[in-house]
Amino acid sequence: MILALGTHRKVLLPLALCLVACSGEDDSDAAGAAQFSVFTGRLETADAVVGLAVSDRGDVEAYVCGGAATFATHSRWFVGSLSSGSASLEAEGLRLDLTVQGEATDITLTALDGAVHSTLVARAGAGSRSALFESPTDASCRWGVVMLDDGGAEPDIFGTWCSQTGSMYGDPPGEATEVFAQVTPVEPVDFGNTLLPVVANTPTGEQYFEVRRISDRRAAP
């Protein structure tokens, strides 16, 4: 199925979601490293989850990950900065409005069709395995993984791989194509590692990747 969302989007059949988690090593003592608070939650009226990382400098990185029905239309990164505790971020026609309120963050996603979805995401406290992961730096299309700890035996994990080919600025110019597929983590999971191995069923076959926790990424000098 091809989705006309500014660029052509080819959707792959999703892999099954797994129930696993990973907690990372603490880089808080690294010189120049930003400290992050992580919030995670489920959108109340959409097949999607949200992972939000807010640094002590007010920088915001949020990843909305769609589920089986929306992983190609709702999975986006939103990046920006807080102003008086709030931010309004846009990515490829979607808008994410958020307001940090202590241990929770009020989030509203406005989808491409104009539908509005909201939720209140909770801060990951001590002992929580909730986390936000990002794709390798050499990925042609940034993607991510949200780990959501609801207090059960194992957290839920949601991720959407993507890849971009072609360019509207080539010679001759062409249309960029983004291909999406859901990912599943590799088991057994090493809960003490900052990297989470995952696999995706890409057009060239099953591929292995390692995603890194946002909270363990060192800030640029």
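The values are calculated or read from the model by the stated rules, or taken from the named source; none is laboratory data. Since the model is a prediction, treat every value here as computed from it, not as a measurement. Positions of Cβ are generated from backbone atoms using ideal geometry, with glycine treated the same way; all protein chains shown enter the neighbour counts. Note: areas computed on protein heavy atoms with side chains; ligands, DNA, RNA excluded. Shrake-Rupley method; radii C 1.70, N 1.55, O 1.52, S 1.80 Å.
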Residues that are at pLDDT below 95 and part of a strand (DSSP E or B), drawn from segment 84-116: 101
What are the residue pairs meeting all of these: first residue in segment 121-133, first residue charged (D, E, K, R), second residue open to solvent by less than 10 Å² (accessible area, probe 1.4 Å) and at pLDDT 95 or above, Cβ atoms under 8 Å, and 6 or more apart or on different chains? 123/39; 123/105
Identify all residues within segment 46-83 that are touching a strand residue (DSSP E or B) at 6+ places or on another chain (Cβ under 6 Å), among the small types (Gly, Ala, Ser) and assigned to a strand (DSSP E or B); write none if there are none. 48, 51, 53, 55, 62, 66, 80, 81
Please specify each residue of segment 136-146 satisfying the condition of being in a loop (DSSP other than H, G, I, E, B), within 15 Å of residue 62 (Cβ to Cβ) and open to solvent by less than 30 Å² (accessible area, probe 1.4 Å). 143
Given the options 206, 175, name the one that is open to solvent by 80 Å² or more (accessible area, probe 1.4 Å), at pLDDT 90 or above and more than 27 Å from residue 121 (Cβ to Cβ). 206
Any idea which of 134, 92 is of a type outside the set (Val, Ile, Thr), touching a Lys or Arg at 6+ places or on another chain (Cβ under 7 Å) and closer than 21 Å to residue 69 by Cα? 92
For segment 127-134, state whether one or more residues are loosely packed, with under 15 Cβ neighbours inside 10 Å and at pLDDT 90 or above. no
Would you confirm, using the coordinates I've provided, whether residue 120 is in a strand (DSSP E or B), open to solvent by less than 20 Å² (accessible area, probe 1.4 Å) and at pLDDT 95 or above? no
Is it the case that segment 147-169 has a residue that's in contact with a Phe, Trp or Tyr (Cβ under 6 Å, 6 or more places away or on another chain), under 15 Å from residue 214 (Cβ atoms) and in a strand (DSSP E or B)? no
May I ask you to say which residue of 76, 42 is in contact (Cβ under 8 Å) with a residue 40 or more places away in the chain, within 18 Å of residue 116 (Cβ to Cβ) and out of contact with any Phe, Trp or Tyr (no Cβ under 7 Å at 6 or more places or on another chain)? 42
